[in-house]
1. Kindly establish whether Arg85 is within 20 Å of the chain's Cα centre (by Cα) and either over 30 Å from Lys159 (Cβ atoms) or free of Cβ contacts under 8 Å to residues at least 40 places away in the same chain (or both).
2. Give the residues of the range 161-192 that are of a type in the set (Asp, Glu) and part of a helix (DSSP H, G or I), sorted by residue number.
3. Which one of these is touching a Lys or Arg at 6+ places or on another chain (Cβ under 7 Å) and either in contact (Cβ under 8 Å) with a residue 60 or more places away in the chain or not in a helix (DSSP H, G or I) (or both): Leu105, Leu111, Leu115?
4. May I ask you to list the residues in the range 301-342 that are touching a helix residue (DSSP H, G or I) at 6+ places or on another chain (Cβ under 7 Å) and outside any helix (DSSP H, G or I)?
5. Just for the range 141-160: of the residues that are open to solvent by less than 50 Å² (accessible area, probe 1.4 Å) and part of a loop (DSSP other than H, G, I, E, B), which one is farthest from Gly239 (Cα to Cα)?
6. When the range 232-264 is examined, which residues are found to be within 15 Å of Pro315 (Cβ to Cβ), open to solvent by 10 Å² or more (accessible area, probe 1.4 Å) and assigned to a strand (DSSP E or B)?
7. Taking only the range 276-293 into account, find how many residues are among the acidic types (Asp, Glu), closer than 11 Å to Lys220 by Cβ and open to solvent by 10 Å² or more (accessible area, probe 1.4 Å).
8. Which numbered condition in (1) surrounded by 17 or more Cβ atoms within 10 Å (Cβ to Cβ); (2) β-branched (Val, Ile, Thr); (3) modelled with pLDDT under 95 is the only one that Ile323 fails?
Amino acid sequence: MNFTNGLVGILVANPAQRKYVLNQYLRHGKSGMKLFSFTPSSIDWKRRTVVGLHRSGGKWAIKRFPFPQVVYNRCYGTNPKLIGRLGAAIGDDKLFNQINQLNKLDIYNSLSRWLDDYLPETVPYSPENALRMLERHRVIYLKPFYGYQGKRVYRAELKASGEIHVGHHYFNPKTVAKTPAEFLQNAQKLIGSTPYIVQRGIPIRQIDGHVFDIRSLVQKNDKGLWSVTNLVSRIAYKGSYNTSIFVKVCLSREALGKLYSSARVEEIMTSIYNVSLRTAEIIDMDTDYHLGEFSVDFALDDNAHPWIIELNGKPAKDLYRGIPNRSAVYERPIQYARYLSARKKSL
């Protein structure tokens, strides 16, 4: 193989991830590309080489490669300076998912100009904003600007008695505040100096007492165009509002079929497909993230209206174990890499 053509590097956080991540993409489909995985510390900037793991002759091996033609970033929250330097070396247009730890407030501000009907009101956290949102909506969520994989997300509910109940992962409260001042004191202890948003709480439709979401996986294909690969649902534990901690994952069609008629399921899924693709168009137009894939997490309210809860710039692939036809989840990024490799480097 001529390594100057069709060489794709998958950037991962540490050596322990190299084999596991690379194997996922090697197992699903033949791309005609040479794939290897590497870490930030394995880059030799002076020699313009990378020490990476690959599979050759049915065996795993470590090899020194020239700089890859395309890099697929699977390293969450990567150092922007590293990504900038790597993009300068191979071309920014050859490095995708450059930014994958997305700023929730920036995303909201970008999308709200076009998709306001699908977005819960979201503002930066301040004591004044928290109390105003709580008074207006009765239920709010406190979330870090940047994702923590479902951790450090808190739910606050203003009860008719005036008490403010704050839960962590579960609806049952972790703390109960008698006054707004006490609530703010408790909130400050929970969030510390981390930048947070305040998001309106949506009355989420449940299945047999379980909260569920709809994750739309949006990926670019071999023509460089956005497509929705699939919709899956995470079923949370009973009593939990956090679908990052789930009992089961299934195709969303199966989950929705427990609540709605076949015709209504098709309407909901079509709406989610359309909103997902519109989201992708806006992200491309309004940011310089150069994403090749991301996921959109939706929740349905009692009227089956879909709400965008958040976007994920590094969709977890383990989520798709046991899901039918999951090969496309892994094939699409490599197909997109092949598309990028065929394009001339931008000047």
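1. No, not satisfied.
2. Scanning the range 161-192 gives a single hit, Glu182.
3. Exactly one residue qualifies, and that residue is Leu115.
4. Scanning the range 301-342 gives Ala304, Pro306, Trp307, Ile308, Glu310, Leu311, Lys317, Arg326.
5. Phe145
6. Hits for the range 232-264 are Arg234, Phe246, Val249.
7. Final tally of qualifying residues: 1.
8. The number of the failed condition is (1).
The values are calculated or read from the model by the stated rules, or taken from the named source; none is laboratory data. Computed from a predicted model, the values in this text were never measured in an experiment. We place every Cβ from the backbone using ideal geometry, glycine too, and count neighbours over all the protein chains shown. Quick note on the areas: whole protein, heavy atoms, side chains included, nothing else; ligands and nucleic acids left out. Shrake-Rupley method; radii C 1.70, N 1.55, O 1.52, S 1.80 Å.
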